[in-house]
Each structure stands twice: as C-alpha cells, then as structure tokens.
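Okay, so here's the structure we're looking at.
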Amino acid sequence: MRARVRYIAIALLTATMTSLAAGYGMIMGITPDGWTVAFVPDSRRLYVQIWREGPERQSSVQTFENEPCEFFDDDNGRRLSCAATGKSPLAGTKYVGRPFNGVCEKAEPEYEFLCTEGCDRNPRAPRKLTQGYWEC
C-alpha cells in the first residue's frame, strides 16, 4: 500500500511539473512613472506585481492579489484584459498581442502587447507590454 501511495504522489508531482513547464512567459511593461509591471498569464492565482528596478527592488515590490484580469490565446490571437475594478496599474485596460522579434528554436515567438483601451484613462498603465520566450 505504501509503495502505491508513493507512486501516486510521484505521478502527481511529475504531472504538475510538466504542466508548469508548458506555460506562458511573464507579460511585463514599464509604467509612465517608472515602475515595472508583471502579469503571469498561467498563474493559479491571478496577481499583478510592480517594483522599481535598482538596489532597493525587494523593498519596493507590491503585489495586487486576485486582480480581475483575463489572458486569451485563441484563434483571435493573444489578448490581455483587466477590469476597471482592479487596483493594479493594469486596471481598466485591454491589450492586443502580436508576435515580434523572431522565433526561438521551439517556434514560440516573443510577443508585444499594445494597449487598445483604457490607457488614456489610467495614467499608470503601460502603453506597451512584452512577453518573452518561456523556454528556448
């Protein structure tokens, strides 16, 4: 019985690690006031993080938990949409992604997301976000 439980635990851990490896890269941009904004599209808990680059980076990190954002990757392309009820710099914005900057060896291009809605009403929203390779 113990061997069977151990086998099941190993199988579950392997499946979890495999599904995490097949994910999307972080979507990042810079706010007009100089903060880096990051959204992880395949995170189990939706959150947005912001920070200032430099030696004090760790103390400047702010996390916005459960942000009402949605990431789409379907026949209409990649899109990111965050409801205006959110608290992060992405609140009330919509972005459309397009491939740019070539393709890595595993045929996954980098993406550039341009703001199509809400950035004029949200002064902290980045006008452009980028999504690098997940794995090359």
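So the values come out like this:
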| quantity | calculated |
| --- | --- |
| Restricting the range 75-99 to residues that are surrounded by 13 or more Cβ atoms within 10 Å (Cβ to Cβ) and of a type in the set (Gly, Ala, Ser), the residue that is farthest from Arg121 (Cα to Cα) | Gly97 |
| Residues located in the range 60-98, provided they are without any contact (Cβ under 8 Å) to a residue 12 or more places away in the chain, part of a strand (DSSP E or B) and either polar (S, T, N, Q) or farther than 17 Å from Ser43 by Cβ (or both) | Asp74 |
| Residues within the range 52-74 that are modelled with pLDDT under 85 and surrounded by 13 or more Cβ atoms within 10 Å (Cβ to Cβ), tallied | 2 |
| Criterion violated by Ile27 - all others in (1) at pLDDT 90 or above; (2) surrounded by fewer than 13 Cβ atoms within 10 Å (Cβ to Cβ); (3) not acidic (Asp, Glu) satisfied | (2) |
| Of all residues making up the range 63-87, the number that are over 19 Å from Phe113 (Cα atoms) and within 15 Å of the chain's Cα centre (by Cα) | 4 |
| Pairs, first of a type in the set (Asp, Glu) in the range 27-46, second part of a loop (DSSP other than H, G, I, E, B), C-beta under 6 Å, six or more apart | Asp42/Gly23; Asp42/Tyr24 |
| Subset tally (residues that are under 18 Å from Thr31 (Cα atoms) and not polar (S, T, N, Q)) for the range 52-102 | 23 |
| Index of the failed condition, Gly102 passing every other in (1) at pLDDT 85 or above; (2) surrounded by fewer than 17 Cβ atoms within 10 Å (Cβ to Cβ); (3) closer than 15 Å to Gln131 by Cα; (4) out of contact with any Lys or Arg (no Cβ under 9 Å at 6 or more places or on another chain) | (1) |
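The values are calculated or read from the model by the stated rules, or taken from the named source; none is laboratory data. Source: prediction; values computed, not measured. Every residue, glycine as well, gets a Cβ built from its backbone with ideal geometry; the counts of neighbours run over all protein chains shown.
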